[in-house]
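Chemist: So that we are looking at the same thing, I have put the structure below in structure tokens.
The values are calculated or read from the model by the stated rules, or taken from the named source; none is laboratory data. Quantities reported herein were computed from a predicted structural model and do not represent experimental measurements. Don't worry about glycine lacking a Cβ; one is built from the backbone with ideal geometry, like all the others, and counts go over all protein chains shown. Protein only, heavy atoms only, side chains kept; ligands, DNA and RNA dropped before computing areas. Shrake-Rupley method; radii C 1.70, N 1.55, O 1.52, S 1.80 Å.
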Amino acid sequence: MTELEKLDAGLEYDFWDEEVNNRKLHAIEGGAKLNAIDVREEALRAAAIRDLFGATGENPSICPGFYCDNGSNIYVGKNFLINYNVTILDIAKVTIGDYVMIGPNTLITTVGHPMSPMGRRRHLGVAKPVEIGNDVWIGGNSTILPGVHIGNNVIIAAGAVVTKDVPDNCVVGGVPAKVIKKLENDIDDIIKEEENNE
């Protein structure tokens, strides 16, 4: 197998491999293009996001200072918002639902490295996908680690480090993040109200 095939299969791979690195170069170029577009040019910025990402819904919005590892592995729903200085290391797929807000200085990473120093000296990485549901608010300075699944209607408290799956309808916080509060899900009431107004 090539290193790229290993990466895509979820196996350990050499992150210094030329094919693997070419994906990162695509992301660096696409991110630089996006970050260089004036924030008042919303249509141009949205087009640059669509060029960089694997797929987007309506109204994608990203503030300046965005970085990623591939871009093509990021799939976002409608009304998606990223604040300043956010990094998504999308070596593996990152799927993000509708109405998600990501606070400044947040890191979402799909890549990890061996516990063994020999493995790290051999430039080995391994990638696990991240999934984030609908109506999620990720507070500033949060970290989402590889393989995590975050449910719907979730708030990640500022500064949290999310190391394991998060169920629907809750607030999590701390290092490592734990459920600290259950949340009511009023989205069904909003949907009914919108249907009645049509």
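Chemist: Just to be sure before I move on: is K33 over 23 Å from G159 (Cα atoms), touching a residue at least 24 places away in the same chain (Cβ under 8 Å) and not aromatic (F, W, Y) in the structure I sent?
Modeler: Criteria not met by K33.
Chemist: Now a separate question. When you go through G65, G71 one by one, which is the residue that is assigned to a loop (DSSP other than H, G, I, E, B) and surrounded by fewer than 17 Cβ atoms within 10 Å (Cβ to Cβ)?
Modeler: G65
Chemist: To continue, here is another question. Do we find a residue being basic (K, R), open to solvent by 70 Å² or more (accessible area, probe 1.4 Å) and under 13 Å from the mean Cα position of the chain (by Cα) anywhere in segment 47-54?
Modeler: no
Chemist: Right, something else. Any residue at all in segment 104-119 that's under 19 Å from F53 (Cβ atoms) and either open to solvent by 70 Å² or more (accessible area, probe 1.4 Å) or among the basic types (K, R) (or both)?
Modeler: Within segment 104-119, not a single residue is under 19 Å from F53 (Cβ atoms) and either open to solvent by 70 Å² or more (accessible area, probe 1.4 Å) or among the basic types (K, R) (or both).
Chemist: Checking the conditions here, which among E131, E58 is out of contact with any strand residue (DSSP E or B) (no Cβ under 9 Å at 6 or more places or on another chain) and either surrounded by fewer than 19 Cβ atoms within 10 Å (Cβ to Cβ) or closer than 28 Å to I180 by Cα (or both)?
Modeler: E58
Chemist: Could you pull out the residue among A27, A43 that is touching a Leu at 6+ places or on another chain (Cβ under 8 Å) and not in a loop (DSSP other than H, G, I, E, B)?
Modeler: A27
Chemist: Please name all residue pairs, on different chains or six or more residues apart, with Cβ atoms under 8 Å, provided the first residue is in segment 53-73 and is under 19 Å from A32 (Cβ atoms) and the second residue is open to solvent by 10 Å² or more (accessible area, probe 1.4 Å) and acidic (D, E).
Modeler: Cβ pairs passing all conditions: S61/E42.
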